[in-house]
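Below: one structure, written as structure tokens.
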């Protein structure tokens with residue numbers, strides 16, 4: 001597995017890749033090549049790449065020569081590769097003698113260099129995977145002659161239900177939640193496309209209607225100026241709307257503890273501005289825990305999702321609709337229970353890690 005990020009790096013792709021490797025390793029020998037950080041990795045993980053420049057090709061060749069893999073799987077999330085040229089050429093460099101599978105995401109097709117590298121990847125990879133319907137259409141339309149190589153493999157939950165008995169009351173008491181309050185949850189990295197402003201405005205509307213709610217954000221962020229500015233912007237909005245006593249920021253929480261917090265919440269609010277898609281692992285995590293969740297419709301709705309059956313779908317960037325959907329959940333305990341159970345069943349059947357692992361193994365040619 002070739003990936004620019006891997007835990008303890010805090011990002012969705014790192015978590016996804018670790019879960020994929022753990023599941024594949026139940027039946028296969030898996031090695032990981034990733035970026036060097038101040039961390040001691042387990043023996044099968046080689047954190048030896050500095051910036052993925054072309055001058056580090058020798059490290060890749062030596063690593064591949066040592067382990068002699070049957071398959072090289074490249075997690076090509078372009079924006080996460082500091083040296084995307086080397087990563088883009090890896091299918092060409094190895095694909096003539098080793099099966100190369102490349103997972104494509106976040107490719108800037110408006111950039112000539114990115115477009116050229118994508119063409120090299122598509123041409124010389126044995127197979128490609130994408131995680132959204134939109135990416136599938138984009139890639140297959142741009143590279144029609146290679147359409148048969150492209151496979152959709154949707155993400156699954158990046159936080160698994162841990163099955164442990166959780167003292168829900170203690171956690172809620174620690175968070176300052178009373179018995180009469182409904183705790184809303186938004187989970188994932190703090191970014192502008194997550195609809196955080198809509199959640200904050202909806203919270204104000206719910207309180208103005210007499211609702212007894214609080215909002216919990218389990219929201220890590222990237223350590224850069226843009227992320228810091230965005231967090232400051234949100235805190236300013238919270239103060240303007242007088243919500244300081246109703247919004248709880250937990251920041252980044254270690255994976256082993258996230259499940260406990262999720263299970264202590266009542267309703268999920270995930271109003272993505274570009275709509276729900278197959279790559280929203282944070283959303284699938286809430287459903288995997290049986291949390292009734294409001295999300296937003298987009299151009300493509302992942303297979304199996306049905307409004308008011310296993311989720312509530314609203315339009316993006318509409319805090320009024322979000323407040324109404326949450327009100328519907330609050331007022332109808334049976335609806336919460338039914339949608340929570342149906343959402344969990346959907347993940348278990350169609351978006352769980354058994355399904356992801358099986359699909360990837362089939363692409364590798366092992367089934």
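No value in this document is a laboratory result; all are computed from the given coordinates. Fair warning: this is a prediction, and the values are worked out from it, not measured in the lab. Note that we place each Cβ from the backbone using ideal geometry, even for glycine, and neighbour counts take in every protein chain shown.
Work out the FRET efficiency for residue 181 and residue 225 from their Cβ-Cβ distance, taking R0 = 22 Å, and round it to the nearest 0.05.
So the FRET efficiency works out to roughly 0.05.
Only helical DSSP H runs with n ≥ 4 go in: add -39500 (n - 2.57) per run for the chain, normalise by residue count and round the 222 nm mean residue ellipticity to 500 deg cm²/dmol.
One gets -12500 deg cm²/dmol as the mean residue ellipticity at 222 nm.
On C-alpha positions alone, give me the angle between the axis of helix 12-24 and the longest principal axis of the chain, in degrees, nearest 10.
Relative to the chain, helix 12-24 is tipped by roughly 70 degrees.
Pick from 201, 39, 73: which residue has the top mean-square fluctuation in a GNM of the chain where Cα pairs under 10 Å get a spring?
Evaluated over the chain, the most mobile residue of the options is 39.
Among bridges DSSP assigns within segment 168-351, what percent are antiparallel (round to 5)?
Among the beta bridges of segment 168-351, antiparallel pairing accounts for roughly 0 percent.
Once you keep just the Cα pairs under 8 angstrom separated by 6 or more residues, what percentage relative contact order results for segment 259-367?
Relative contact order for segment 259-367 comes out at 27 percent.
Is segment 168-351 rounded, prolate or oblate when judged by the Cα gyration tensor, a ≥ b ≥ c being the square roots of its eigenvalues, rounded requiring a/c under 1.5 and prolate requiring a/b larger than b/c?
rounded
Where does helix 353-364 land angle-wise versus the long Cα axis of the chain, in degrees 0 to 90, nearest 10?
20 degrees
How tilted is helix 84-94 with respect to the longest principal axis of the chain? Cα atoms for both, answer in degrees (0 to 90, nearest 10).
Once rounded, one gets 50 degrees.
Out of the DSSP beta bridges found with both residues in the chain, what percent are antiparallel (nearest 5)?
0 percent
Roughly how many Å is it from the Cα centre of segment 64-123 to that of segment 226-305, as a whole number?
31 Å
Which of the three applies to segment 5-138, rounded, prolate or oblate, going by the alpha-carbon gyration tensor with a ≥ b ≥ c and a/c under 1.5 meaning rounded?
The shape class here is rounded.
How many angstrom lie between the Cα centre of segment 149-199 and the Cα centre of segment 4-42?
23 Å
Starting from the 7 Å offset along Cα-to-Cβ, what nm value, one decimal, do you get for the label separation of residue 106 and residue 67?
About 2.2 nm, to one decimal.
Once you place label points 7 Å from the Cα toward the Cβ at residue 244 and residue 36, how far apart are they in nm?
It works out to 4.7 nm between the two label points.
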